[in-house]
Amino acid sequence: MGRDIEQRILKEIKDLPPFSAIANRALKLTKDPRSSAIDISRVISYDPAFTARVLRMANSAYYGFARKVTTVSEAIVILGYETLKSVVLALTLQNFYDKEVRGYGLERGDLWKHSVGCALASRLIAGQVKYPSIEEAFVAGLLHDVGKVILNQFVGEEISKIIELSGSEGLPFAEAEKRVLGFDHQDIGSKVAEKWNFNEKVVEAIRSHHKPDRAKKDPELTAIVHVADFICLSLGLGIGSDGMLYPLKKEALDLLKLDELEIDNLIFSAYNITEEIEKILA
Ligand SMILES: [Fe+2]
Ligand SMILES: [Fe+2]
């Protein structure tokens, strides 16, 4: 049974559409050293709703600018290309995530909030531990549970077995998924990220976010996402039915050289994230 579902899921991933045309063009331009802020703003401005969301994101407290950003080209100059890429990416993925993920006990929009929360928390932690690519941490946090969206569409009757097993044995879903299906949302999510051409460190962070000790290419990035996920679950952000069953792994804290007090402080700093997300997505 597991193999049959796996084949169908792999086909679904193969057929997944790329990002929206506008996001694709904007992302391409951010990679092109010859492109200017004006070129990119021209592309983004084709879509007024998208423009409004880029500005809202640029004006969010998380980017911490004292004055109000009112034009896209200004936002790009201030935010920088790397951040702009994250913003475009987050906004593009919103439609993909904005579904009910019933199998996981998540209402419509919950997984999206959890994902943006985890992206912002990853960014926060990356800054604190001086991880060299803060925006990469944002992207990995944003995508870490993407496998749940795909899995939710396919697991049909198996989902009740997964829920039952998780409940009766107190297992985290990822574990119960693996026992029932032979794979879990981390495996599926990493395949989606590969299909979308994310780099191998991001793919690894998605594949190992519940088991950070498995990471070999960039254990720090995986540990950041693992801790960010824990913080979001502690804050009750998109918690679903299995939220409290994921323990915080000590290895991740050791690797990042964070102690429990610092984690408490991070949870405290991340507390505003919930409010921030509502504002960005309003
Ligand atoms: Fe997860
Ligand atoms: Fe998560």
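Please work out whether segment 37-128 counts as rounded, prolate or oblate from its C-alpha gyration tensor, where a ≥ b ≥ c are the square roots of the eigenvalues and a/c under 1.5 means rounded, while otherwise a/b larger than b/c means prolate and anything else oblate? Because a/c hits 1.5 or more and a/b fails to exceed b/c, segment 37-128 counts as oblate. Here the accessible area of the chain is 53 percent carbon and sulfur, with a 1.4 angstrom probe and all protein chains present.
For the chain, the convex hull spanned by the alpha carbon atoms encloses 122 Å³ per residue. Shape of segment 146-216 from its Cα gyration tensor (a ≥ b ≥ c, root eigenvalues): rounded if a/c is under 1.5, otherwise prolate when a/b > b/c, or oblate? It comes out oblate by the Cα gyration axes.
For Arg3 and Val77, calculate 0.36 nm times their separation in residues minus their Cα-Cα distance, and state this gained length in nm to one decimal.
Working: separation 74, 0.36 × 74 = 26.64 nm, distance 4.86 nm.
In short, 21.8 nm is gained.
Cα gyration tensor of segment 187-256, axes a ≥ b ≥ c as square roots of the eigenvalues: rounded (a/c below 1.5), prolate (a/b > b/c) or oblate?
It is oblate, given that a/c is not under 1.5 and a/b is not larger than b/c.
With springs only between Cα atoms under 10 Å apart, run a GNM on the chain and tell me which of Asp218, Asp47, Asp98 wobbles the most. Among Asp218, Asp47, Asp98, the largest mean-square fluctuation in the Gaussian network model of the chain belongs to Asp47. Which lysines, on any chain, are close to Lys216 with Cα under 20 Å apart, when same-chain ones fewer than 8 places away are left out? By straight Cα distance, Lys216 reaches Lys130, Lys191, Lys201, Lys249, Lys250, Lys257.
Here is the link list: Lys31/Lys68; Lys99/Lys161; Lys99/Lys148; Lys148/Lys217. Which ones come out longer than 18 Å on Cα distance? Don't jump to the answer; show the numbers that get you there.
Numbers: Lys31/Lys68 26 Å; Lys99/Lys161 22 Å; Lys99/Lys148 11 Å; Lys148/Lys217 24 Å.
Pairs exceeding the cut-off: Lys31/Lys68; Lys99/Lys161; Lys148/Lys217.
Give the residue list of trypsin sites (Lys or Arg not before Pro) in segment 172-264 that are DSSP loop and have at most 12 other beta-carbon atoms within 10 angstrom. Can you show the working numbers first?
Working: sites: Lys178, Arg179, Lys191, Lys195, Lys201, Arg207, Arg214, Lys216, Lys217, Lys249, Lys250, Lys257; in loops: Lys216, Lys217, Lys249, Lys257.
Answer by residue number: Lys216, Lys257.
Modelled label positions at Leu261 and Arg108, each set 7 Å beyond Cα in the direction of Cβ, lie 4.7 nm from each other.
The values are calculated or read from the model by the stated rules, or taken from the named source; none is laboratory data. Please read all numbers here as calculations on a predicted model, not as lab measurements. Reconstructed Cβ throughout: ideal geometry from the backbone, glycine too, with neighbour counts over all protein chains shown. The accessibility values were calculated without ligands, DNA or RNA, using every heavy atom of the protein model including side chains. Shrake-Rupley method; radii C 1.70, N 1.55, O 1.52, S 1.80 Å.
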